[in-house]
Amino acid sequence: MKFYKNLYIGDTIKDSNKVKRKIKHHAKQLTVFVIMLASGDGQLEICHTMLLRQPYYRKKENAPFIIGIAGSYEEAVGLVCKITEEAVAEIGCADLKRYLFPEHYAIGKA
């Protein structure tokens, strides 16, 4: 499981390091949602941390890349909106993967 270097944290998350540790160790957290890269396209998806306890996500090749942590689904939606607004302001489109990882896309432009 990997975390984004500039992890987006919701306002209701008090101790983000504790929450991250619990996510890594698959501990139960009833009120925590994560924002992670979608497997197919350059967009994001929101899921409850209990979903990450499934055996599928414990395999290294299926480990999610977490972009943000929120204390409720509504807060997670707000974080995705914030990320999207930042992307549109910065690069002019909603290509979230290109916005979040500009160093990966800058290589092709050189």
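Open to solvent by 80 Å² or more (accessible area, probe 1.4 Å) and among the hydroxyl-bearing types (Ser, Thr, Tyr): is that true of Tyr99 in this structure? Here the answer is no, as Tyr99 does not meet what is asked.
Could you tell me which residue of the stretch 9-42 is farthest from Tyr99 (Cα to Cα), considering only residues that are in a helix (DSSP H, G or I) and touching a helix residue (DSSP H, G or I) at 6+ places or on another chain (Cβ under 9 Å)? Only one residue tops the list, namely Lys22. From the list Glu90, Glu86, Glu75, Glu45, the lone residue that is surrounded by 14 or more Cβ atoms within 10 Å (Cβ to Cβ) and in contact with a helix residue (DSSP H, G or I) (Cβ under 8 Å, 6 or more places away or on another chain) is Glu86.
The values are calculated or read from the model by the stated rules, or taken from the named source; none is laboratory data. Source: prediction; values computed, not measured. Positions of Cβ are backbone-derived with ideal geometry, glycine not excepted, and every protein chain shown enters the neighbour counts. The accessibility values were calculated without ligands, DNA or RNA, using every heavy atom of the protein model including side chains. Shrake-Rupley method; radii C 1.70, N 1.55, O 1.52, S 1.80 Å.
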